[in-house]
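Engineer: Could you have a look at this structure, given as structure tokens, before my questions?
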């Protein structure tokens, strides 16, 4: 069986039902959000499936549109829920993957080239994809502007200077996006300030690495980093790939 046949994202399914119902009723996001006592941005997140709808809000929505709450679950089969249960409750062993897909987010072409060169000298098998425009980061990571053959990254390396004034907001935005928030985000920088360090970790980055101007030192640090993430850590992407393969083989 294919993934689409037996693995349904329930939050996305419910969100689509809410959006479809609202549009049929000719009611705007602002009108519904005002009644629910939330912002229209929050309602957008419910409708897109990026945020789970609390049961009390789902009940309120059913009252607003005068429809039974079970309507939002129509089309979800027991097998779909069972597959998600297997995925969510599966016990895992230590899993490693020497092959990595890495996204580099860096607006400076020279710095990006050096980072790519370092990684390829460490391991030529690593697949590297680059994003240089801050405004396209989220869409690219969610593959809205890329070919479907581009894989979801195992790791993200982001130069702190991609957004000099609001880099911490960009990190926070990445970590709020449902489909990419679990990907380890590693910050690279030529300078380390206490304020930067605290903001980076506060907003969900996994690591903060000093990018030495000495190529060999930078290469040594990156080698340690990549060995850690590929050989020691069990990456979310590796677990997901194995879980999907297990579901498909059933």
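Engineer: Please go through (1) closer than 30 Å to residue 127 by Cβ; (2) at pLDDT 70 or above for residue 90 and return the number of the only condition it doesn't satisfy.
Structural biologist: (2)
Engineer: Can I ask one more? On the basis of being out of contact with any helix residue (DSSP H, G or I) (no Cβ under 6 Å at 6 or more places or on another chain), surrounded by 11 or more Cβ atoms within 10 Å (Cβ to Cβ) and modelled with pLDDT under 90, does residue 84 make the cut?
Structural biologist: Criteria met by residue 84.
Engineer: Here's a follow-up. Can you report the number of residues in region 190-203 which are part of a helix (DSSP H, G or I) and out of contact with any strand residue (DSSP E or B) (no Cβ under 9 Å at 6 or more places or on another chain)?
Structural biologist: 5
Engineer: When the residues of region 149-166 are narrowed to those that are surrounded by 14 or more Cβ atoms within 10 Å (Cβ to Cβ) and over 17 Å from the mean Cα position of the chain (by Cα), which ends up modelled with the lowest pLDDT?
Structural biologist: The residue in question is 163.
Engineer: Which count do you get for residues in region 17-35 that are touching a residue at least 12 places away in the same chain (Cβ under 8 Å) and crowded, with 16+ Cβ neighbours inside 10 Å?
Structural biologist: The number of residues fulfilling the criteria is 7.
Engineer: Let me ask something additional. Filter region 183-203 down to residues that are farther than 16 Å from residue 222 by Cα, touching a residue at least 24 places away in the same chain (Cβ under 8 Å) and surrounded by 14 or more Cβ atoms within 10 Å (Cβ to Cβ), then give me how many there are.
Structural biologist: 5
Engineer: Kindly indicate the residue of region 204-234 that is part of a loop (DSSP other than H, G, I, E, B) and at pLDDT below 85 and also surrounded by the most Cβ atoms within 10 Å (Cβ to Cβ) among those meeting that condition.
Structural biologist: 233
Engineer: Related question: Testing residue 174 on (1) within 23 Å of residue 237 (Cα to Cα); (2) part of a loop (DSSP other than H, G, I, E, B), one condition comes back false. Which one is that?
Structural biologist: Residue 174 satisfies all of (1) within 23 Å of residue 237 (Cα to Cα); (2) part of a loop (DSSP other than H, G, I, E, B) except (2).
The values are calculated or read from the model by the stated rules, or taken from the named source; none is laboratory data. Keep in mind that what you see is a predicted model, and the values were worked out from it rather than measured. Please note: Cβ atoms are built from the backbone with ideal geometry, for glycine as well, and neighbour counts cover all protein chains shown.
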